[in-house]
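Student: Right, I'll just put the structure down here and ask away after.
The values are calculated or read from the model by the stated rules, or taken from the named source; none is laboratory data. Everything numeric here is computed off the predicted structure, so don't read it as measured data. Note: ideal-geometry Cβ built from the backbone for every residue, glycine included; neighbour counts use all protein chains shown. What goes into the accessible areas is simple: the full protein's heavy atoms, side chains included, and nothing from ligands, DNA or RNA. Shrake-Rupley method; radii C 1.70, N 1.55, O 1.52, S 1.80 Å.
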Amino acid sequence: MEIYTLFDGVAPQERKRMMDCFQPVSKRFKAGETVMSFAGAMQKIGVMMAGRAHLSCVDENGRESRLEQLSKNDVFGDMFTLPLERLSYFVTAETACEVLFIDYVHVVKRCERACAYHSQLVHNLFQMVARKSQAQTMHVSVLSQRTVRQKLMTYFELLCRHTSGRLPMSYSALAAYLSIDRSAMMREIGKMKDEGLVRIEGREVILP
């Protein structure tokens, strides 16, 4: 799938006019800060302009599950989460981040100026959402595997196919993303290396 960014097809001199139309708000966050807590209503769309973050949910017992890794050009917001009242959703910065927030109403309402760049930005947003949907489908495919090894192999195969094999997160984050114990995951990775199923150099995953 082609990688779209928010400003694809928008001339640099037209970006200010487009910003006047959408009235976005740019904010910066430090590592560990909460970027957004979801209220369960379609209010804002967040676009990662720089840095890394992750989307998590917490159930009524305080158990946290990591749902998605977010990096540059990824989108997030209330409209992309499951409407389960017993779960709380939030985005946390992993590194220093810059995020552009756009009110949902400015995306769906008709542009009073019949602005061509309004339509272009909406097109770009929907393409970015399509990429997000693909990533979520991949995550479900990984989580559906029964064993730690199967989850790792499925994830590594998808990683090498779509992102040239570079791990986008730490091992602790990977364990949370795969919903497995970190120690058990590291033991299994060690076994897979010994058996020649995978080679890992730094953050580069190499499959035979």
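Student: Please determine whether any residue of the stretch 143-156 is under 24 Å from ASN73 (Cβ atoms) and open to solvent by less than 60 Å² (accessible area, probe 1.4 Å).
Tutor: yes
Student: Still on this model: From ILE206, ILE180, grab the single residue that is open to solvent by less than 70 Å² (accessible area, probe 1.4 Å), more than 17 Å from the chain's Cα centre (by Cα), within 23 Å of LEU67 (Cα to Cα) and β-branched (Val, Ile, Thr).
Tutor: Details: ILE206 fails: within 23 Å of LEU67 (Cα to Cα).
Criteria check complete, one pass: ILE180.
Student: I need the full set of residues from the stretch 70-88 which are in a strand (DSSP E or B) and at pLDDT 85 or above, in order please. First the steps, then the outcome.
Tutor: Taking the stretch 70-88 and keeping what is in a strand (DSSP E or B), we get 70, 75-77, 88.
If the condition is that a residue be in a strand (DSSP E or B) and at pLDDT 85 or above, then LEU70, VAL75, PHE76 are the ones that fit.
Student: Now a separate question. For the stretch 20-63, enumerate the residues that are without any contact (Cβ under 8 Å) to a residue 12 or more places away in the chain and among the charged types (D, E, K, R).
Tutor: ASP20, ARG63
Student: Something else about it: (1) surrounded by 12 or more Cβ atoms within 10 Å (Cβ to Cβ); (2) at pLDDT 80 or above; (3) touching an Asp or Glu at 6+ places or on another chain (Cβ under 9 Å): which one isn't true of ARG166, the others all being true?
Tutor: So ARG166 meets the others, but not (1).
Student: Okay, next question. Checking the structure you have, find out if any residue of the stretch 58-69 is assigned to a loop (DSSP other than H, G, I, E, B) and modelled with pLDDT under 75.
Tutor: no
Student: When you look at GLU33, is it closer than 19 Å to HIS139 by Cα and either modelled with pLDDT under 80 or open to solvent by 40 Å² or more (accessible area, probe 1.4 Å) (or both), yes or no?
Tutor: When the stated conditions are applied, GLU33 does not pass them.
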